[in-house]
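Everything on this sheet refers to the single structure shown next.
The values are calculated or read from the model by the stated rules, or taken from the named source; none is laboratory data. Just so you know, these numbers come straight off a predicted model, no measurement behind them. Counting neighbours? That spans all protein chains shown, and the Cβs are built from the backbone with ideal geometry, glycine included. The protein model used for the area step is the full one, side chains on, heavy atoms only, and it has no ligands, DNA or RNA in it. Shrake-Rupley method; radii C 1.70, N 1.55, O 1.52, S 1.80 Å.
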Amino acid sequence: DSRTLGLSDSRTLGLSDSELLGELRPNLLTIFRHFTKYAFQLPLNRAGTSQKSAKLKLLTSSIISILFSSAVHATTTADLENSKLSTAINLLGSVSSCIESGPSTSNYRTLVRTNVDKIKEDLLAAQTEFTEIAEELESVTEERNTALDDLDDMTVLRNTAVGERDAAISARDLYKKIVLATFPLPQSSTLPSLSAIPAMLSDTTTLVLIHQSSVSLTDAALAQITRMVVVGTYAPTGLTYSKLTNLQSLRMFNGTMNTTVQDYITTLATTSRKLRYLEIPQWGTTIKASAFACSDTTKNSSIQQLVGFNDVTTVGNQAFSCCANLTSISLPNVTTFAINSDEQSHAFAYSGLTSFFLPKLTSVCDFAFQGCNSLTSASLKITTVGDRMFGGCSSLTSVTLPNATSVRSCTFEYCSSLISLTLNITATSWRMCYDCSSLKTITLPLLTSTEELAFYGCTGLISLTVPLLTVANTGNRAFAGGVPKGVLPSGFDIPRLTS
């Protein structure tokens, strides 16, 4: 047993070179001890001659050195190759030959042969064990390499799974945000779990659709919905927008908008007149003509607030006309108000706007804000102020038009609350400030001419700055209708201008 290597299967799996050598070294040392024991029992002094004795000693010493080096100094499995053992066995053959040529004493030869055969037997057994271990090591190495490849594959799968998990968490968070913003707290106990994605939630009056391709709700059920959130698919099969006759709030995210869905939404706003809140980050580049205007001119549209619409660049003629409940709007990328065949816009005419944000609007906008009686201030970067653009805006107190160089007819007529006006125009239009009874200060440093009735009825005027204007280039009755004569430039108090 002391000459066997004795490695168990459970210890061979996963052994590194250093661990394997650690197992082999004690067994090699055992062989080494046996060999030295047998070798030094040889009667070297009876080898025949001193020359043979020396040769035998040298061969024996070489064998011992090889085995000792293999057993003690091996650091890798390469040091344990069969060639080492083969060399030792060949040397033993030389020892045997040397001894065989010595004295013919049968006891001596028997003793030597017995010892040499014993050593050969031990070494051959060790060689067989080494071969098996080497094969075993190669197999284990292949299994380890396979395991490493599997680990790489598992790492890729893990990273993919982590990405999918993160995406699911984001979707869940969006889901929660939408639900929490839509459903009143505490939530209905009948609501499905928030982890159900895609999903449909409904508590009779509220409907949330998350990536739903189809919906199965009766017309009666749809008619009860007052709030709806749609994520992903804006027009799932079975969702008939026209049946949402009591819908008041609609929020739509992460879907693809098209004209069909736009028509569904605008029809709700103009026919049911119940839709109040509309949040759609990406509507499309155009809000078409009369989109949210009430089809019955005797009634008002129900729209109160629009959120999003960040990609809109063009607002159609009468798009928000008569939206009396719409108090403010922000369209940060709109550059153009489309006009009709008469070159009129009416984009927000007679709406309930109190303020607006249109920082990129540059087009001429005739009648754009006409009749907006609640509008209190206006700031635009347009160069031409359109016909009656602010006509009848009775609550407008201030207007900022730094880039305006020209105005069209009746721009500010009946703006009865306008207090001051500063423009860098060279000519006024007909009835530009007609009946602006609260207008106190007018500053027109570049003005060289006026049209008729330009400042008619400006009865509250206390300051008029028109340094370049001449009587000859002033239109008839420009300062008539009760304009205080004391504010007029010298020479302007003549019947043609004031009567």
From the list THR411, THR474, THR405, THR465, pick out the single residue that is within 25 Å of LYS381 (Cα to Cα), open to solvent by less than 40 Å² (accessible area, probe 1.4 Å) and not hydrophobic (A, V, I, L, M, F, W, C).
THR411
Hey, ALA293 open to solvent by less than 30 Å² (accessible area, probe 1.4 Å), in a loop (DSSP other than H, G, I, E, B), in contact with a helix residue (DSSP H, G or I) (Cβ under 8 Å, 6 or more places away or on another chain) and among the hydrophobic types (A, V, I, L, M, F, W, C) or not
yes
Restricting to region 428-446, name every residue that is assigned to a loop (DSSP other than H, G, I, E, B) and of a type in the set (A, V, I, L, M, F, W, C).
TRP430, MET432, CYS433, CYS436, LEU439, LEU444, LEU446
Name every residue in region 250-291 that is charged (D, E, K, R) and more than 23 Å from the chain's Cα centre (by Cα), in order of residue number.
ASP263, ARG273, LYS274, ARG276, LYS288
For GLU164, state whether it is closer than 30 Å to VAL231 by Cβ and at pLDDT 70 or above.
yes
When you go through THR266, THR260, THR270, THR256 one by one, which is the residue that is open to solvent by 30 Å² or more (accessible area, probe 1.4 Å) and either part of a helix (DSSP H, G or I) or closer than 21 Å to PHE348 by Cα (or both)?
THR260
Which of the residues belonging to region 451-488 are over 21 Å from TRP430 (Cβ atoms) and either in contact with a Phe, Trp or Tyr (Cβ under 6 Å, 6 or more places away or on another chain) or in a loop (DSSP other than H, G, I, E, B) (or both)?
GLY460, ILE462, PRO467, PRO484
